[in-house]
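Novice: Attaching a single structure in structure tokens format; questions to follow.
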Amino acid sequence: MKKVVKFGGSSLASAEQFGKVGAIIRADKDRRYVVPSAPGKRDSKDTKVTDMLYGAYALAEKGKDFDKELEAIKARYQEIIDGLRLELSLDKEFEKVKADFKAKAGSDYAASRGEYLNGIIMADYLGYDFIDAAEVIFFDDNGNFMPDKTNEVLRDRLKESERAVIPGFYGAKLDGTIKTFSRGGSDITGSIVAKAAKVDVYENWTDVSGFLVADPRVIDNPKGIDTITYRELRELSYMGASVLHEDAIFPVRKEGIPINIRNTNAPKDKGTWIVEDTCQRSKYTITGIAGKKGFCAINIEKDGMNSEVGFGRKVLQAFEQNGISFEHVPSGIDTMTVFVHQSEFEEKEQNVLATIHKLVQPDFIELEADLALIAVVGRGMRQTRGTAGRIFSALAHANVNVKMIDQGSSELNIIIGVKNDDFEEAIRAIYRIFVEIQL
Ligand code: ADP
Ligand code: ASP
Ligand code: MG
């Protein structure tokens, strides 16, 4: 058996956490490839090293002094090195980082140093080989990840290493410029390495005992999920369940490599298995609930729009022309609503409205801001009648006004739109009815 193990920021935030990680890796000789994140928060008030690096680089970019900021970052690593009693010095590395910051090497380069330096420490601590992700993970000139080239090069490189550390989060463009994935992207690196090494399991170690039915920051002590499918997980992670990056399933999905989410602070817990499909029923009708705030709804009305061929396309074209992607488009006979991310939409709203007017001459357009979307996801919903009805009645009981409801054609999810202010209460009401009362 071969396993890839990825450890998140909180699992590597201090020497003490490194100690736990070392014990986990040494406890199973199959744990041959290790993907570390940058050191995360040691407590809720702490700052992630990645954010410290972005901060320091922002100063460098403006030509301002960033010595103090870089020293604080170095101190985070030194604390780990000293705590582990390693004879390793990062002095040379930090000199280079400083020079590269001064030469304005880019914010992706800056952020990537978080995992790069942590990878060097990890390899030293474990006695594993160190493989710089810039040499094995590739992006094209437009910054798009190159799966085939990466797989080829990484596969060959891993064949030479019995045991290795590959830092998460970044790779390089063909000209050598460092490029990162989006935030939380070390999960993607773990998956890429799992595929290239053809491992049996991708273990993703974090600070919770697996995927929980709802966000623990909203629900006190939510129940855990034993098994979840890739599709369910993608719906939930896209909608804000940040445990695993939403793109992390792509590399392993086609290979049939399961992902096991585990807790570094409770290594005996079995965690969650993420699999292609399962005959196992989930414990409840729903598998999970997740959601995000900060959406805006654009409601377009025009009598007879249903018989106007091309109406929907033209409305969406108005968004496309302004470079805005849409989330949901529920529609009626004479109305069509487009949900978009408020932050993307705000500065372009008047342009979008003008374009819609020009393209489809609506009777009326109305905007509603500060909305949240909640996804209720579950493979069990298809076999169960009345799921939407139960959600409605739970929300009505909780005095939450439902702005929108949209059931995906796969019947795997129901999306509900509510006001930002009702977000937490809505999640609690849905959790109560499906998990606590189990109606
Ligand atoms: P890491 O640094 O290990 O990558 P993350 O912070 O990215 O960890 O993800 C783990 C966090 O995700 C948890 O601490 C928890 O606060 C949050 N989270 C959000 N939704 C869920 C959920 N449904 N189940 C478990 N954790 C969740
Ligand atoms: N360190 C990066 C971040 O904070 C990547 C990761 O942790 O996965 O987003
Ligand atoms: Mg993460």
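Novice: Report MET1's accessible area, 1.4 Å probe, all protein chains in place, as a number in Å² to the nearest 10.
Specialist: 130 Å²
Novice: Turning to a different aspect of this structure: Please determine, in degrees from 0 to 90 and to the nearest 10, the orientation of helix 91-102 with respect to the longest principal axis defined by the Cα atoms of the chain, where the helix direction is its Cα long axis.
Specialist: On a 0 to 90 degree scale, this one is about 40.
Novice: Between ASP124, ASP303, ASP269, where does the largest GNM mean-square fluctuation fall for the chain, given springs only between Cα atoms within less than 10 Å?
Specialist: ASP303
Novice: Using mean Cβ contacts within 10 Å as the protection proxy, how do 35-41, 128-134, 364-370 order, highest first?
Specialist: In descending order of packing, they fall as 35-41, 128-134, 364-370.
Novice: Next question, about the same structure. Hey, what angle do you get for helix 147-159 against the long axis of the chain, alpha-carbon based, 0 to 90 degrees rounded to 10?
Specialist: Tilt relative to the chain: about 30 degrees.
Novice: Quickly estimate the mean residue ellipticity at 222 nm for the chain, helices only: each DSSP H run with n ≥ 4 gives -39500 (n - 2.57), and the total goes over all residues, rounded to 500.
Specialist: Computed mean residue ellipticity for the chain: -11000 deg cm²/dmol.
Novice: So, one more: Quote the FRET efficiency, to the nearest 0.05, computed for ASP30 versus LEU367 with a Förster distance R0 of 56 Å and r equal to the Cβ-Cβ distance.
Specialist: After rounding to 0.05, the efficiency reads 0.55.
Novice: Same structure again: Roughly speaking, what is the stretch gain from GLN407 to GLU276, that is 0.36 nm per residue apart minus the C-alpha to C-alpha distance, in nm to one decimal?
Specialist: 45.0 nm
Novice: Highest GNM mean-square fluctuation, the chain, Cα pairs closer than 10 Å: which of PHE211, PHE326, PHE139?
Specialist: The residue with the greatest mean-square fluctuation here is PHE326.
Novice: Can you list residues from other chains, or at least 5 along the same chain, whose modelled amide H is less than 5 Å from the amide H of ASP129?
Specialist: So ASP129 has HN proximity to ARG163, ALA164, VAL165.
Novice: Something else: For LYS348, list the lysines whose Cα falls under 26 Å from its own Cα; do not include residues on the same chain fewer than 8 positions away.
Specialist: LYS292, LYS293, LYS302, LYS314, LYS358, LYS403, LYS419
Novice: Follow-up question, since we're still on this one. Over 27 Å between Cα atoms: which of LYS48/LYS104; LYS3/LYS104; LYS48/LYS102; LYS74/LYS195 fall into that group?
Specialist: Going by Cα-Cα distance, LYS3/LYS104; LYS74/LYS195 fall outside the 27 Å limit.
Novice: What residue among ARG155, ARG85, ARG253 has the largest mean-square fluctuation in a Gaussian network model of the chain, using Cα springs under 10 Å?
Specialist: ARG85
Novice: For the range 118-183, state which GluC sites (Glu not before Pro) are in a DSSP loop and have at most 13 other beta carbons lying within 10 Å of their beta carbon.
Specialist: Passing sites in the range 118-183 are GLU160, GLU162.
Novice: Which three semi-axes in whole Å describe the equivalent ellipsoid of the chain, each the square root of 5 times a Cα gyration tensor eigenvalue, listed largest first?
Specialist: Working from the Cα gyration tensor, I get semi-axes of 41, 28, 20 Å.
Novice: Now for a separate question. Solvent-accessible area per residue for the chain at a 1.4 Å probe radius, Å²?
Specialist: I get 46 Å² per residue for the chain.
Novice: So, in Å, what gap is there between the alpha-carbon centers of the range 34-102 and the range 115-157?
Specialist: 20 Å
Novice: Relative to the first principal axis of the alpha-carbon coordinates of the chain, what is the inclination of helix 349-360, with its axis defined by its Cα atoms, in degrees from 0 to 90 and to the nearest 10?
Specialist: For 349-360 against the chain, the angle is about 50 degrees.
Novice: Still on this model: May I ask you to derive the FRET efficiency for ASN142 and ASP269 from their Cβ-Cβ distance with R0 = 45 Å, giving the value to the nearest 0.05?
Specialist: Once rounded, the FRET efficiency stands at 0.60.
Novice: Tell me which residues come under 5 Å, amide H to amide H, from THR227 once H is placed; ignore anything under 5 positions away on its chain.
Specialist: The list, which skips near neighbours in sequence, is TRP273.
Novice: Using a ≥ b ≥ c from the Cα gyration tensor of the range 165-310 (square roots of the eigenvalues), is it rounded, prolate or oblate, where a/c under 1.5 gives rounded and otherwise the larger of a/b and b/c decides, a/b for prolate?
Specialist: Note, shape of the range 165-310 comes out oblate.
Novice: Could you give the length gained on full extension between ARG382 and GLU87, defined as 0.36 nm per residue of separation minus the Cα-Cα distance, in nm?
Specialist: 100.4 nm is the gain from fully extending ARG382 to GLU87.
Novice: Please arrange LYS74, LYS149 by accessible surface area, largest first, computed with a 1.4 Å probe and ligands excluded.
Specialist: Greatest to least solvent exposure: LYS149, LYS74.
Novice: Which peptide among 383-389, 178-184 comes first, and what is the full order, when sorted by highest mean count of other Cβ atoms within 10 Å?
Specialist: Sorting 383-389, 178-184 by mean packing, highest first, produces 178-184, 383-389.
Novice: How much of the accessible area of the range 1-40, probe 1.4 Å, is carbon plus sulfur, in whole percent?
Specialist: Percent of accessible area from carbon and sulfur atoms in the range 1-40: 50.
Novice: Highest first, please rank the peptides 195-203, 306-314, 329-337 by the mean number of other Cβ atoms sitting within 10 Å of their residues.
Specialist: Sorting 195-203, 306-314, 329-337 by mean packing, highest first, produces 195-203, 329-337, 306-314.
Novice: Compute the separation of the alpha-carbon centres of the range 237-279 and the range 299-335 and state it in Å as a whole number.
Specialist: Result: 36 Å between the Cα centres.
The values are calculated or read from the model by the stated rules, or taken from the named source; none is laboratory data. Everything numeric here is computed off the predicted structure, so don't read it as measured data. So basically every Cβ, Gly included, is an ideal-geometry build from the backbone, and we count neighbours across all protein chains shown. Heads up: the accessible areas ignore ligands, DNA and RNA and are worked out on the full protein's heavy atoms, side chains in. Shrake-Rupley method; radii C 1.70, N 1.55, O 1.52, S 1.80 Å.
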